[in-house]
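Beneath this line is the structure, given in structure tokens, with notes to follow.
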Amino acid sequence: MRRVLPVALAALMLGMPLTTQTQTTDDASQKNAKQARTALDAMVQALGGQAWLNLKTQMRQGHVAAFFHGKPSGGTTDFWEYHVWPDKDRIEYTKHRDVLQFYVGSEGWEVTYRGKKALPQEQVDDFLRRRNHSIETAVKIWLNDPKTILVYEGQHLAERHLAEQVTLISAQNEAVTILMDVQTHLPLRRTFQWRDPVYMDKNLDAEEYDDYHTVGGLPTPFMITRFKNDDMISQRFMDKVTYNQPLGDDFWSVDASERRIKK
């Protein structure tokens, strides 16, 4: 009986007019996309709604640990990370905050007591890839593009939590998958794939979000774990987070930072 049923269904579909089959497929796709958007809308509301969407400046202070093949590769490093939507990032390392990295637009620079230098292109490409596939970018840019395809993929486990999984596919055929807690609707995991330009194999980049605290009315993950091809490569632990903090006029000037550190 189990074998007869699929055959019967297939025969029934083949007997349908092509327009009916197309309409049925379109209706199912629209229903699925609506379910995906409902889940994403719930996530945005859980993150703070319009206040989250209007965020301009974010600052995260904490320490980061690196991993190699899933094992710690040393101690932790202090960091101060600033982000201004959509394309400005500045990260300060060490207790003295004397190692700075800038990712402004598509350029990457490092400033130390030795002066400034361009960051390796591979490192810049990696950072820009993650920025361009962030939850912030997926919601603020991709979701507003009528050409973006939304796919609801049901419920899965993420960090031992039951989560709804949604994939957004941009007009450029780039994809981002987000898993959201079914109870809180907060994001638990973000993944995307990218093809290595040299070896042409696909790589999986993932971030997991945990230990949420409310900062200025906005739920904020105080632990972010990054994976590459399912291997843990870093963990960031936040000690302090602020939003919409005013910054100096020359805050994004690489040259100004170079002069300041040299002193």
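The values are calculated or read from the model by the stated rules, or taken from the named source; none is laboratory data. The structure displayed is predicted, hence computed values, not measured ones. Every residue, glycine among them, receives a Cβ derived from its backbone with ideal geometry; neighbour counts consider all protein chains shown.
Restricting attention to strands (runs of 3 or more DSSP E) lying wholly within the stretch 55-106, give those where 2 or more residues are β-branched (V, I, T).
57-68, 71-84, 99-104
Taking the stretch 163-210 as the search range and keeping residues that are of a type in the set (G, A, S) and over 12 Å from the mean Cα position of the chain (by Cα), which one is nearest to Q45 (Cα to Cα)?
Step by step, filter the stretch 163-210, then rank; the result is A163.
Between L218, L143, L186, L179, which is out of contact with any Cys (no Cβ under 7 Å at 6 or more places or on another chain) and farther than 24 Å from K34 by Cβ?
None of the others qualify; the one that does is L218.
Right, Q155: assigned to a strand (DSSP E or B), under 16 Å from the mean Cα position of the chain (by Cα), within 20 Å of K34 (Cβ to Cβ) and polar (S, T, N, Q) or not?
In short, no.
Does the stretch 124-136 contain any residue that is in contact with a Leu (Cβ under 6 Å, 6 or more places away or on another chain), under 29 Å from Y243 (Cα atoms) and not hydroxyl-bearing (S, T, Y)?
The answer is no; no qualifying residue exists.
Within the stretch 24-41, which residues are within 13 Å of T148 (Cα to Cα) and among the basic types (K, R)?
K34, R37
Would it be correct to say that A51 is at pLDDT 80 or above and in contact with a His (Cβ under 8 Å, 6 or more places away or on another chain)?
When the stated conditions are applied, A51 does not pass them.
Report, by residue number, each residue of the stretch 240-249 that is outside any loop (DSSP other than H, G, I, E, B) and surrounded by fewer than 12 Cβ atoms within 10 Å (Cβ to Cβ).
Across the stretch 240-249, the qualifying residue is only K240.
Yes or no: T137 of a type in the set (S, T, Y) and either closer than 21 Å to N229 by Cβ or surrounded by fewer than 17 Cβ atoms within 10 Å (Cβ to Cβ) (or both)?
Considered against the rule, which asks whether it is of a type in the set (S, T, Y) and either closer than 21 Å to N229 by Cβ or surrounded by fewer than 17 Cβ atoms within 10 Å (Cβ to Cβ) (or both), T137 comes out as no.
Would you call Y93 surrounded by 13 or more Cβ atoms within 10 Å (Cβ to Cβ) and in contact with a helix residue (DSSP H, G or I) (Cβ under 6 Å, 6 or more places away or on another chain)?
No, not satisfied.
Could you figure out which of (1) over 18 Å from A256 (Cα atoms); (2) surrounded by fewer than 15 Cβ atoms within 10 Å (Cβ to Cβ); (3) not aromatic (F, W, Y) isn't true of G115?
Only one criterion in (1) over 18 Å from A256 (Cα atoms); (2) surrounded by fewer than 15 Cβ atoms within 10 Å (Cβ to Cβ); (3) not aromatic (F, W, Y) is unmet by G115, namely (1).
Restricting the search to the stretch 108-131, which residues are in contact (Cβ under 8 Å) with a residue 40 or more places away in the chain and assigned to a helix (DSSP H, G or I)?
The answer is R129, R130, R131.
Checking F68 against (1) over 27 Å from G105 (Cβ atoms); (2) within 19 Å of the chain's Cα centre (by Cα), which single condition isn't satisfied?
(2)
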